[in-house]
Structures are given as structure tokens and as C-alpha cells.
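Asker: Below: one structure in C-alpha cells.
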Amino acid sequence: MTSPEPQPPAPQPQEPESKDRVYRSVPAIAGGVLLLAITGWLGIDAVISGEGRTPWLALAVLLLVVPLVAAFTLRPAVYAGDDRLRIRNPFRLVVVPWAQVAALRSSYSNEVLTQSGAKYQLWAVPVSLRARKKAARREMRATAQARRGTGRDAGRGSALGMPTGLDGGLGRDSVSEGPARAETDRIMDELRGLYEARHQTEAARGEVTVRWAYEVLAPAVAGAVLVLILVVVG
């Protein structure tokens, strides 16, 4: 009599992994692509058409300028996950677990402060004072319209002997849709909400790590050295 063959254990269903929210500056990316296109066009033209040391100098300038332009325009990004905040700045990659975050501050720049007192700027979420002023003007106009609408509805409701205001369901203009906010301020509000929800969880614990972007620094330094040598040699 043969014994039954052991059956392999049934695979356990895996929980879907939450994807990080990614924040980047669209104007910076557009400007970076334009600058890289212009730099590449001028540099390649100098390499092909230049004489003497010009092609070598053009190559050295390209080696210096292209990594720096890409670092300040295309590279910056902020990745907000359930457990940590990853900040990719021009020359560094900073990983901050939510438990290590002390505050998310917005003034003339958006910054994250850690429990140890370190401060890291969010390059991918730049502050626009112009956008803040536009949002404030929109909020003032919306408030003024809501007050005028509430006044009209109050007079109409009084004449009909009906309740007015939000409880009475009259005056759609009086219903507030929330304060107007600039885009980067809304992003910071989302990050603060995620921090409040996750900073006390066990998975959000850990240490802050900082890694330098040598893939940007190395070619830029090499290009600067080559430009200096070519200029000095003459």
C-alpha cells in the first residue's frame, strides 16, 4: 500500500505593494530638456566645425555642463511611500523614514526637518510666491462671491418664509469647496497628511541615509578639470 505523496503548500496570497507617490517639477523638466537640446546642438556643431583646440574644448564643456543641467532640472524628485520619504536632489539621495521626520516646513523653500536637526530641501517641490499670490486672490474672490450669494439667498429666503444658508440647502454659491492653494502647497499638505498617518507605525522606523550622486559629480569634475587644463595650456 503506497502512501500518498505530500502536496506542496498552497501559495500564500501576497499583499499588493503600495506604490510611492512621485512629485516632480514639470517646468524644470521642460526647461532642462530645452537647455540640453540647445547645449547639445551648439556643442556638436563646435566639435564638427571647430578647428584647433575648439573641438576638444567643446567636448570638455559638454562633459561639464550636461551633468549639471540634468542634475538641477531632470534629476530632482520626491518619492513619498507608506514607510519613508525619498528625496532626490541634484547631488544627493536622502532617505528619511517617517518616524525620523520632525516637521515639513514651507517658507521660501519646502524643507523636511529630521529629529536630529538636519534639514533637507525638496528641490522637486519649489515654492512659487507668484502662485501663492494667485491662489490668495482666487480665495478672496471666492469668499466675496460666497458672501454676496449668501446675502441674496438670505433675502430671497426671508421673503418666502423659508430657512436659508447651508442648513436650508439654498445658495449653492455659499457652499465652500475649500481654500484655494498653490500647487506646491497642496503637495506639502499631502506629505503632511501621509506623515501624520504613518509616522507612528513600526514599518516607518529606521535611520536617515544620505548617498552622494557620484554619477553626476564625477563627469562634472572631470569636465571642469579638462576645461581648466585646455584654457591654461592655451
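Asker: Amide H of Val127: which non-local residues (sequence gap of 5 or more, or other chain) have their own amide H closer than 5 Å, using H built in the peptide plane?
Answerer: For Val127, whose amide H was placed from the backbone, the distant partners under 5 Å are Asn110.
Asker: Also, quick follow-up: What is the gain in length, in nm to one decimal, between Ala203 and Arg21 on full extension, counting 0.36 nm per residue of separation less the C-alpha to C-alpha distance? Can you show the working numbers first?
Answerer: Values: separation 182, 0.36 × 182 = 65.52 nm, distance 1.74 nm.
Stretched out fully, the Ala203 to Arg21 stretch lengthens by 63.8 nm.
Asker: If you don't mind, there's one more thing I want to ask. Using label points projected 7 Å from each Cα along Cα→Cβ, tell me how many nm separate Ile229 and Arg86, to one decimal.
Answerer: Those two pseudo-labels are separated by 3.6 nm.
Asker: Once phi is turned into ³J(HN,Hα) by the Karplus curve 6.51 cos²θ - 1.76 cosθ + 1.60 with θ = phi - 60°, what whole-Hz value does each residue of segment 48-59 show in order, with x for glycine and proline?
Answerer: Taking θ as phi minus 60°, the curve returns 6, 9, x, 10, x, 7, 4, x, 5, 5, 5, 5 Hz for segment 48-59.
Asker: What is the gain in length, in nm to one decimal, between Tyr214 and Ser49 on full extension, counting 0.36 nm per residue of separation less the C-alpha to C-alpha distance?
Answerer: Between Tyr214 and Ser49, full extension yields 56.2 nm more.
Asker: May I ask you to evaluate 6.51 cos²θ - 1.76 cosθ + 1.60, the Karplus curve with θ = phi - 60°, for each residue of segment 75-90 and list the ³J(HN,Hα) values in order in whole Hz, giving x for glycine and proline?
Answerer: Running phi through 6.51 cos²θ - 1.76 cosθ + 1.60 with θ = phi - 60° gives 6, x, 7, 10, 10, 10, x, 6, 10, 7, 10, 9, 10, 9, 9, x Hz.
Asker: What residues qualify as long-range amide H neighbours of Arg84, i.e. H under 5 Å apart, gap of 5 or more or another chain, H built at 1.01 Å from N?
Answerer: Placed amide hydrogens put Trp98 under 5 Å from Arg84.
Asker: Non-local amide H neighbours of Leu74 (under 5 Å, H modeled in plane, Pro and chain starts lacking H): which ones?
Answerer: none
Asker: Need the full-extension length gain, Arg192 to Ser109, defined as separation in residues times 0.36 nm minus the C-alpha distance. One decimal, nm.
Answerer: 28.3 nm
Asker: Under the classification rounded if a/c is under 1.5, otherwise prolate if a/b is larger than b/c and oblate if not, where does segment 23-91 fall, given a ≥ b ≥ c as square roots of the Cα gyration tensor eigenvalues?
Answerer: prolate
Coordinate-derived values only; no laboratory data. Please read all numbers here as calculations on a predicted model, not as lab measurements. When we count neighbours, we look across all protein chains shown, and the Cβ atoms used for this are built from the backbone with ideal geometry, even at glycine.
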